[in-house]
Amino acid sequence: MMSNLYKTAALFILLFCSVSFHAAAQTNKYKCMIQMTNYTGEGAYLVISLINSKGAYEKTLSVLGPDKQWYKTIKEWNKFYLKQPNVSAVTGASVTGGDRAVRVIEIDKSKINAGYKLRFESAVEDKAYHVKDLEIPLTTESLSAKSDGTGYIRYVRFSAN
């Protein structure tokens, strides 16, 4: 009787570990280094979003800027955010001109090389808003290359974490 109980418990633990490992293996973590241009003014609020193949927001991967009152300055993302206010993306300090920030973002493996994009939006108080400061195809190639921004972001570089 005890032998069967031990076997059942061992089988349950093995199954649980297998499912946990399988779930963890479905995503990759990438270190994302963002280098800002040498603009003057307040710190930039940045949002990194996963954009699906139809051009719609699917998930917020990271928010750089701690005060929710300024999220409205990131206009297009804010429309998505208001529908999903419990964003679990890691927030951090805004980034000022010439500075760099490093964030670790987690990307579902099934989204890579499947028509998705990463969008970097930026806004600075009393300055222009850039809905697509940087938008790159979510491909194996782009995740290993340097990508240049068009607004406050000078460039972004990824490395596997």
* Taking region 113-124 only, how many residues are outside any strand (DSSP E or B) and either within 15 Å of Ser159 (Cβ to Cβ) or of a type outside the set (A, V, I, L, M) (or both)? -> 3
* To do: For region 81-101, name all the residues that are modelled with pLDDT under 90 and not in a loop (DSSP other than H, G, I, E, B).
  => Tyr81, Leu82, Lys83, Val90, Thr91, Gly92
* Structure fact -> Across region 31-57, the tally of residues that are in contact with a strand residue (DSSP E or B) (Cβ under 6 Å, 6 or more places away or on another chain) and either assigned to a strand (DSSP E or B) or within 19 Å of Pro137 (Cα to Cα) (or both) stands at 16
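Matching residues to (1) modelled with pLDDT of 95 or more; (2) under 14 Å from Glu135 (Cα atoms):
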{"residue": "Met33", "(1), (2)": "yes, no"}
{"residue": "Leu46", "(1), (2)": "yes, yes"}
{"residue": "Ser62", "(1), (2)": "no, no"}
{"residue": "Pro66", "(1), (2)": "no, no"}
{"residue": "Thr73", "(1), (2)": "no, no"}
* Output yes when any residue across region 67-78 is surrounded by 12 or more Cβ atoms within 10 Å (Cβ to Cβ), without any contact (Cβ under 8 Å) to a residue 12 or more places away in the chain and within 16 Å of the chain's Cα centre (by Cα), and no when none is. => yes
* Structure fact -> Flagged pairs (Cβ under 6 angstrom, 6 or more apart or on separate chains; first in region 25-45, free of Cβ contacts under 8 Å to residues at least 12 places away in the same chain; second part of a loop (DSSP other than H, G, I, E, B) and of a type in the set (A, V, I, L, M)) are none
* Leading residue by the ranking (surrounded by the fewest Cβ atoms within 10 Å (Cβ to Cβ)) among those in region 95-140 that are more than 22 Å from Gly41 (Cβ to Cβ) and free of Cβ contacts under 8 Å to residues at least 60 places away in the same chain -> Thr140
* Asked: Taking the stated definitions as given, is Glu141 touching a Leu at 6+ places or on another chain (Cβ under 8 Å) and not small (Gly, Ala, Ser)?
  -> no
* Among residues of region 118-139, those that are among the hydroxyl-bearing types (Ser, Thr, Tyr) and either at pLDDT below 95 or under 15 Å from the mean Cα position of the chain (by Cα) (or both), counted -> 2
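The values are calculated or read from the model by the stated rules, or taken from the named source; none is laboratory data. Note that this is a predicted model, so its numbers are computed, not measured. Heads up, the Cβs are rebuilt from the backbone with ideal geometry, glycines too, and the neighbour counts pull from every protein chain shown.
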